[in-house]
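Enquirer: Starting off with a structure, shown below.
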Amino acid sequence: TENHISRGALVTAGNSINQFGVMAYKEGAGIPWFNETATQTINNGQTIWATTGTHYWPNEGQTLDFYSYYPSTSTTINVGSNKALTANYTIPTIVTNQNDAMVAINEGVIDNYYQSVGISFKHLCTAIRFKFAENMAAEGKVTQITISGVKGGAVSYTYNRNSQSPSWTVTSYSSATTSYELNFDKSSTDTDKDITTDNNIFLLA
């Protein structure tokens, strides 16, 4: 009975993800072997994510590459020639609708007939939090935070697998002057000094 995260929340545990998209490529193939949604389920007390269709390993010695993305409805991964990877995500201007977009790469998996394929997601967005200073002398109140004049909109990321520390980097934005606004009613005298909570963090590129 896990609590699935809402929009605007930072993903910190795998079992909070209800669904994610996953595609698999046969080695050397230019089109996906499958591209589906994996949904969380409980099997013999263990949390797993399974695609709608059942896919059997193609052939003995066959190598597969898996590319996963979250959320499945607003994030995509494109695989070009020579495994050139790009990820695309549109950042909602309403902060509470923003998602913790993530991607995962599992390449060169061989003969994994009866075992699940492990997935390690990497965050695409930067989480921005605000909080009151612990020893704030005067009482203060925050009613609104706006991050303005920053790049955003539809964001394209490119994966550099040839660097010493392979990573995703932003390569383009659709907007150069985007503003992100969030309303609050938060006093500095509250016990909890965090202005932004786990469910309303700014998640930007």
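The values are calculated or read from the model by the stated rules, or taken from the named source; none is laboratory data. Just so it is clear, the model here is predicted, and its values are computed rather than measured. Cβ placement follows ideal geometry from the backbone for every residue including glycine, while neighbour counts extend to all protein chains displayed. Quick note on the areas: whole protein, heavy atoms, side chains included, nothing else; ligands and nucleic acids left out. Shrake-Rupley method; radii C 1.70, N 1.55, O 1.52, S 1.80 Å.
Enquirer: Between Asn44 and Asn82, with labels modelled 7 Å along Cα→Cβ, what's the label distance in nm to one decimal, could you check?
Expert: 4.4
Enquirer: Under the rule of at least 5 residues apart or a separate chain, name every residue whose amide H is placed under 5 Å from the amide H of Lys131.
Expert: Ile195
Enquirer: Over the Cα atoms of the stretch 27-97, how large are the radius of gyration and the largest Cα-Cα distance (Dmax), in Å?
Expert: 15.5, 49
Enquirer: Once you compute Rg and the Kirkwood Rh from C-alpha atoms, what is the Rg to Rh ratio for the chain? Don't skip to the end; give the middle numbers.
Expert: Values: Rg = 20.0 Å, Rh = 19.1 Å.
On the Cα set of the chain, Rg over Rh gives 1.05.
Enquirer: Something else now. If you take all C-alpha pairs in the stretch 117-187, what percent of them are over 21 Å apart?
Expert: 52
Enquirer: Any chance you could count the Lys pairs in the chain whose alpha carbons are under 15 Å apart, treating pairs 8 or more apart or on different chains as valid? It would help to have the intermediate numbers written out before the result.
Expert: Numbers: Lys26/Lys83; Lys131/Lys141; Lys131/Lys186; Lys131/Lys193; Lys141/Lys186; Lys141/Lys193.
Lysine pairs satisfying the spacing and distance rule in the chain number 6.
Enquirer: Select from Glu181, Glu134, Glu36 the residue whose mean-square fluctuation is largest in a Gaussian network model of the chain (Cα-Cα springs shorter than 10 Å).
Expert: Looking only at Glu181, Glu134, Glu36, the largest GNM fluctuation is found for Glu134.
Enquirer: In whole percent, and with a 1.4 Å probe on the protein chains, what portion of the accessible area of the chain is carbon and sulfur? All intermediate terms of the calculation are to be shown ahead of the outcome.
Expert: On the way: 5290 of 11740 Å².
Carbon plus sulfur share of accessible area: 45 percent.
Enquirer: Taking just the C-alpha trace of the stretch 80-139, give me its Rg and Dmax in Å.
Expert: Here Rg and the maximum Cα pair distance are 19.6, 64 Å.
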